[in-house]
1. Give me the distance in nm between label points sitting 7 Å out from Cα along the Cα-to-Cβ direction at B:D173 and B:S151, one decimal.
2. What are the trypsin sites (Lys or Arg not before Pro) within the stretch B:97-203 that DSSP puts in a loop, where the Cβ has at most 16 other Cβ atoms within 10 Å?
3. Filter A:K104/B:K172; B:K5/B:K51; A:K104/A:K362; A:K446/B:K127; B:K5/B:K193; A:K446/B:K201 down to the pairs with a C-alpha to C-alpha distance above 29 Å, please.
4. Using the beta-carbon distance between A:T365 and A:E31 and R0 = 25 Å, what value does 1/(1 + (r/R0)^6) give for FRET efficiency, to the nearest 0.05?
5. Determine the relative contact order of chain A: mean sequence separation of Cα pairs under 8 Å and six or more apart, normalised by residue count, in whole percent.
6. Specify the inter-centroid distance of the stretch A:422-440 and the stretch B:144-203, based on alpha-carbon positions, in whole Å.
7. Per-residue Cβ counts within 10 Å, from other chains only, averaged over B:139-147: what number is that?
8. Cα-based Rg (one decimal) and Dmax (whole number) for the stretch B:55-120, in Å?
Amino acid sequence: MQVVSQVREPLITGGKTIRDITEDISSRVEESPSAAWLGGFAFSLLMFIAGGIYLGDLLWSGIGRWGLNKSVEWAWDITNFVWWVGIGHAGTLISAVLLLFRQKWRTSINRAAEAMTIFAVFCAGSFILMHVGRTWLAYWCLPLPNTYGSLWVNFNSPLIWDVFAISTYLSVSLVFWYIGLIPDFGTIRDRATGKIGRLMYGMLSFGWDGAAKTWMHYEAVSLILAGMSTPLVLSVHTIVSFDFATSVIPGWHTTIFPPYFVAGAIFSGFAMVLTLMLVIRKVYRLEDYVTMEHIEMMNIIIIVTGSIVGIAYTTEFFVAWYSGVEYEQYAFVNRATGPYWWAYWSMMTCNVISPQLFWIKKVRTSILATFVLSIIVNIGMWFERFVIIVTSLHRDYLPSSWVYFSPTIYDVMCYIFSFGLFFTFFFLFAKYFPVVNMAEVKAVWKESNPRVYRARRTVSEDEIPAADKKAIEKDLVHAH
Amino acid sequence: MEKNKHFLVGIFDDQDELLHAVEHIRHAGVKIHEVFTPYPIHTLEHELGYKRSYMPRAAFLFGATGTTLAIAMQSGMMGIDWPMIIGGKSFLAIPDFVPVTFESTVLLASFGMVGTFLVACGLHPLKAPRLFDRRSTDDKLVMAIDLGNNSLSEDQIKAVLKEAHANEIYRKDFTDEDNSESFLTYLVDLFTKGVTSSSRKLN
């Protein structure tokens with residue numbers, strides 16, 4: 001008799017042992033930097049410094065350096081802010097939401113995704129600080145006693161909610177990420193053969209010893225952090241969308257914004273995770289940890305969120321027409337056919353049409369197609385924010401103040417600066433931190449390694465090689 | 001024998017074997033000091049007879065503090081200290097306070113809970129851990145049995161460990177200095193003696 005049960009493909013392929021997991025991930029930290037890494041790191045630093053020079057001038061001279069004008073008072077740089085903060089959603093989503101849903105495939109990618117999240121939020125935060133203009137007075141956003149009375153911040157303002165949301169999100173994500181890193185730092189500390197390595201990773205590991213009692217508390221802490229991060233991650237982009245939705249600008253003033261922004265954030269975040277993971281996977285030879293199954297899963301999430309975003313675009317249009325408000329209707333017709341038609345149709349093509357290619361199994365299991373589409377999605381998501389922000393502003397109620405926005409070199413260089421910031425951190429992370437959560441992968445190893453997989457998927461006797469039979473029997477006894 | 005100084009260490013390879021072993025060893029009347037593993041093993045804490053983690057309670061208490069503080073802060077500032085007329089709306093616009101209240105709750109709950117965790121487990125950057133076997137962060141499951149805390153003799157416990165299918169059994173002794181090593185001595189030791197053991201070489 002032959003019964004084939006529905007068992008998911010093994011998460012870690014290649015017949016790895018637990019020891020191999022340690023070896024594969026830790027040796028990336030222990031070896032000396034490769035030429036490719038040094039080159040990439042140097043290029044990131046170059047972007048950071050070149051952008052930083054322009055940013056320095058911007059801070060000195062004021063944000064008049066940007067291409068903003070009387071009608072378009074928010075444009076390129078707020079687009080960058082929303083873009084980065086959107087990208088910064090995937091990490092926490094992968095580690096928190098997928099943890100709550102017991103999606104074990106997340107273990108191979110959550111570490112890198114969380115790192116990406118944190119660095120993306122750094123970039124988003126840097127744009128907020130730039131927008132303050134007098135960046136050194138940014139602390140005025142906090143409710144601190146002052147000599148004006150005290151005059152407090154306005155808690156009715158979504159901009160203040162944003163200050164709280166983003167700083168909370170950043171700090172909680174950072175803590176969540178670091179707590180996850182502690183056991184792996186312990187592993188690297190115990191493997192270290194040099195004094196500096198032993199000392200540095202020893203301090204980073206907080207004296208971790210892996211005691212069962214510590215693990216018990218650790219598991220509780222992880223689960224609760226995940227539980228709290230889930231509404232947190234949803235709240236952050238909701239509040240970012242409130243920055244627009246609570247205004248009275250046609251094109252911004254819509255109640256669909258929170259879910260639409262959150263879906264878009266997950267969409268772009270997963271695309272960015274894919275872009276980066278495909279590179280890390282190739283360079284670090286992690287094909288057995290980030291398998292085709294992982295890539296396919298993420299591509300499926302991209303279809304789902306891409307379609308939600310597509311529905312949101314259509315709904316916006318419908319509601320604008322249905323509202324009967326002339327200004328609202330004009331804002332949307334102007335988006336699609338006005339002077340910024342090219343941005344609108346880039347957005348539509350990149351975000352709505354291109355991800356639909358993932359319905360084809362061949363496309364969503366192709367590394368090259370996934371890589372290209374993940375970049376296209378990120379371009380599309382940048383355009384989405386640009387379309388929402390700039391096209392809603394550039395033609396206001398008075399035709400005499402209708403203008404066209406063109407970025408200056410300062411807008412461009414601030415964006416380059418953020419890329420430099422992001423990749424500098426990411427390169428450092430990829431070299432000096434374990435890029436895959438070893439402890440979590442080891443924890444799912446037993447139930448998802450190929451041997452057990454074969455054993456659980458009951459097959460006809462003669463399909464099993466004789467050598468494996470004994471091992472399988474042993475595994476099965478333990479499984480019950 | 002003195003407590004916390006003389007240990008028997010049993011090494012296991014498989015998590016299910018370890019769980020059976022813990023049950024067997026505890027059943028034989030041997031007190032297990034602690035088990036060190038490279039990854040979390042579910043139900044191990046249950047087998048070892050630990051009480052459930054109190055981290056959820058810590059999170060709740062810190063979270064509740066966050067909620068209270070945030071509501072008090074916002075109503076105090078907006079409603080009492082400096083009421084502002086904004087579009088003729090209520091000074092105490094409670095729905096507007098929801099986002100900041102939520103964020104403060106999460107912030108305090110997370111930081112409070114993680115702080116409690118670090119303090120409860122004694123984790124901090126300047127800690128010099130007392131390690132039984134460096135392979136416990138790699139692939140081995142390491143069980144430590146305190147000889148000073150058990151009435152059975154060393155040989156009897158060894159026999160029990162063997163029955164429980166421990167792959168390796170050895171004795172490990174700590175001196176008083178080992179047990180209360182300061183970060184400074186750890187640092188001096190490290191730089192004078194160098195790195196003496198590494199799980200990369202042990203395996």
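Since every read-out is calculated from the coordinates, none of them should be taken as a lab result. Please read these numbers as outputs of a predicted model, since none were measured by experiment. Here the Cβ is made from the backbone with ideal geometry for all residues, glycine too, and neighbour counts use every protein chain on show.
1. Roughly 2.6 nm, to one decimal.
2. Details: sites: B:K127, B:R130, B:R134, B:R135, B:K140, B:K158, B:K162, B:R171, B:K172, B:K193, B:R200, B:K201; in loops: B:K127, B:R130, B:K140.
Those satisfying the criteria are B:R130.
3. Values: A:K104/B:K172 37 Å; B:K5/B:K51 25 Å; A:K104/A:K362 24 Å; A:K446/B:K127 32 Å; B:K5/B:K193 23 Å; A:K446/B:K201 25 Å.
Violating the 29 Å Cα-Cα cut-off are A:K104/B:K172; A:K446/B:K127.
4. Numbers: r = 31 Å, r/R0 = 1.23.
Given R0 = 25 Å and the Cβ-Cβ separation, E is 0.25.
5. Working: 619 pairs, mean separation 161.1, N = 480.
With pairs under 8 Å counted, the relative contact order is 34 percent.
6. Rounded to whole Å, the Cα centres lie 32 Å apart.
7. 2
8. 14.7, 50
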